[in-house]
1. Using 7 Å Cα-to-Cβ label points, what is the GLU14/HIS66 separation (nm, one decimal)?
2. Give me a comma-separated list of calculated 3J(HN,Hα) values for region 108-116, in order, Karplus coefficients 6.51, -1.76, 1.60 applied at θ = phi - 60°, integers in Hz, x for any Gly or Pro.
3. Filter LYS52/LYS111; LYS25/LYS111; LYS121/LYS163; LYS112/LYS158; LYS111/LYS158; LYS112/LYS163 down to the pairs with a C-alpha to C-alpha distance above 18 Å, please.
4. On the first, second and third principal axes, largest extent first, how far apart are the outermost C-alpha atoms of region 114-175 in Å?
5. Skipping prolines and chain starts, which residues have an amide H placed within reach, meaning under 5 Å, of the one on LEU64, given they are 5 or more residues away or on another chain?
6. For Rg and Dmax of the Cα atoms in Å, which listed value, [x] 19.3, 60; [y] 28.3, 111; [z] 17.2, 54, comes from the coordinates shown?
7. Could you sort 87-99, 33-45 so that the peptide with the highest average Cβ count within 10 Å comes first and the rest follow in order?
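Every read-out reported here was derived from the displayed coordinates using simple, explicitly stated rules and does not represent laboratory data. Treat the numbers as computed from the prediction; the structure is a model and nothing was measured. Cβ placement follows ideal geometry from the backbone for every residue including glycine, while neighbour counts extend to all protein chains displayed.
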Amino acid sequence: MDSATEKKRLDSREQKLVILFVFEKMAVPLSEATVLDICTSDNNWLDYMDCKQFLAELIDTNLLYHVPKANTLNITQDGVGCLSMFYARIPTSIREEIQAYVTKNRMRFRKKQAYFCDYMKNPDGTYNVIMRIDNDTSTLLELKMVVSNRQHAMYIYKNWIDKAAGVYTLLHEQLIE
């Protein structure tokens, strides 16, 4: 039986367990948008509106919490306990799919959560590019760079996730060591 068929048979409690299982396996705080992508469009484990509702309910019941000073959610100790008690209610095929997905994508999501980049046009036609590296509770590095055109801003934007760690290391070595 495939996960789409399994999904249709899951009741709301089991679907909430799927969300908790994703958080436990990812082992990093995730934005609501990321959870929605993982559980709905990337994998079809849940319906979008159900997933959104279940996230709110899991927060209300203290099984998930908002990470302070970040736009992310994480599983609470109560959530871990609940998951451990009812783990077997998640169909094995879905647990295996989640484990395989997390193994393949964990680092990509960690980078996506930790490395932020955006750009905006200035009145003079140049662009500000804002780059940031965050950990769970604070900002480790924030850079603002002015570039001459949109192409340069987009190039930096597209490359930041892959280059952020190297930039941080280089700055650290140059300024501290």
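1. About 3.3 nm separates the two model spin labels.
2. After applying 6.51 cos²θ - 1.76 cosθ + 1.60, I find 4, 6, 4, 5, 4, 6, 8, 10, 10 Hz.
3. The pairs that break the limit, which is 18 Å between Cα atoms, are LYS52/LYS111; LYS121/LYS163.
4. Principal axes ranked by extent give 33, 25, 19 Å for the Cα atoms.
5. ILE59, THR76
6. Step by step, Rg and Dmax of the Cα atoms in Å for this structure corresponds to label [x].
7. The most tightly packed comes first, giving 33-45, 87-99.
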